Amino acid sequence: MFEFGDIRLRPIEREDLKVLHEWENDFEVIMYSRNMPINFVNMPQLEKRYEEWVKDEREQRFIIELVDSKEAIGIARLEHKDWANVRSADVGTYIGKKELWGKGYGRQITVALLEIVFNQLNMDRCEASSVEYNTRAHKVLEACGFRKTGIMRQSAFVNGRKWNRVYFDILREEYLKIRVELLKKVLGSKLDAYIEKHCSIKE
């Protein structure tokens with residue numbers, strides 16, 4: 001498990017499938033997370049996916065839960081991509097508890113993933129993508145240091161029209177330059193406890 005401020009990232013367990021089933025069948029949640037809102041999933045399908053996740057060593061999936069209450073609020077994904085001797089990660093997340101949208105958890109989760117990618121796994125770069133109408137996700141990524149790198153034109157069809165997909169990335173050296181200030185903003189009073197437990201920060 002990886003604790004970061006108000007949240008904890010832990011592996012998805014079979015007992016989590018019940019809450020995942022609820023989120024994966026929520027039109028609005030899936031419209032923003034995967035731009036496929038009509039892709040309803042029944043429990044046997046979800047159980048099959050879970051078995052595939054367990055076997056896939058290149059992809060890690062986490063339940064995001066609140067540290068204090070242990071309430072599950074969303075999921076995150078981290079996929080290892082090694083190409084041409086460059087160690088990369090592709091990350092993604094969504095908050096299934098819609099009442100928590102816009103409360104700052106998206107940025108906290110994103111920085112937690114960057115800490116795992118760069119401070120724990122020692123990767124060279126990190127990338128993410130989102131459909132063009134998900135401007136809230138784009139703002140979170142840019143606030144965490146990601147740069148817009150390109151567009152895949154008309155690659156998603158949602159609610160009667162085609163949409164572009166927007167791609168972002170951040171390099172290890174870019175993250176390290178802003179890491180201290182970003183951790184201060186996201187963790188606030190919990191920064192010292194995080195530093196003591198997980199890392200040594202150098203300006």
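What to note about this one:
- Qualifying residue in segment 48-65 (condition: within 13 Å of the chain's Cα centre (by Cα), modelled with pLDDT of 95 or more and under 16 Å from Ser130 (Cβ atoms)): no
- Test set (1) in a loop (DSSP other than H, G, I, E, B); (2) in contact (Cβ under 8 Å) with a residue 24 or more places away in the chain - Leu113 fails condition number: (1)
- Which numbered condition Glu24 misses (of (1) of a type in the set (Asp, Glu); (2) crowded, with 16+ Cβ neighbours inside 10 Å; (3) over 22 Å from Trp101 (Cα atoms)): (3)
- When residues of segment 27-49 are limited to those that are in contact with a helix residue (DSSP H, G or I) (Cβ under 7 Å, 6 or more places away or on another chain) and over 24 Å from Leu114 (Cα atoms), the one surrounded by the most Cβ atoms within 10 Å (Cβ to Cβ): Pro37
- Qualifying position, being without any contact (Cβ under 8 Å) to a residue 60 or more places away in the chain and farther than 26 Å from Gly102 by Cβ, among Arg161, Arg153: Arg153
- So Trp101, is it of a type in the set (Phe, Trp, Tyr), surrounded by fewer than 19 Cβ atoms within 10 Å (Cβ to Cβ), within 20 Å of Glu65 (Cα to Cα) and out of contact with any Gly (no Cβ under 7 Å at 6 or more places or on another chain): yes
- Residues considered: Gly92, Gly106. Of these, the only one that is on the phi < 0 side of the Ramachandran plot, crowded, with 17+ Cβ neighbours inside 10 Å and not in a strand (DSSP E or B) is Gly106.
The values are calculated or read from the model by the stated rules, or taken from the named source; none is laboratory data. No experiment lies behind these values; they were computed from the predicted model shown. Please note: Cβ atoms are built from the backbone with ideal geometry, for glycine as well, and neighbour counts cover all protein chains shown.
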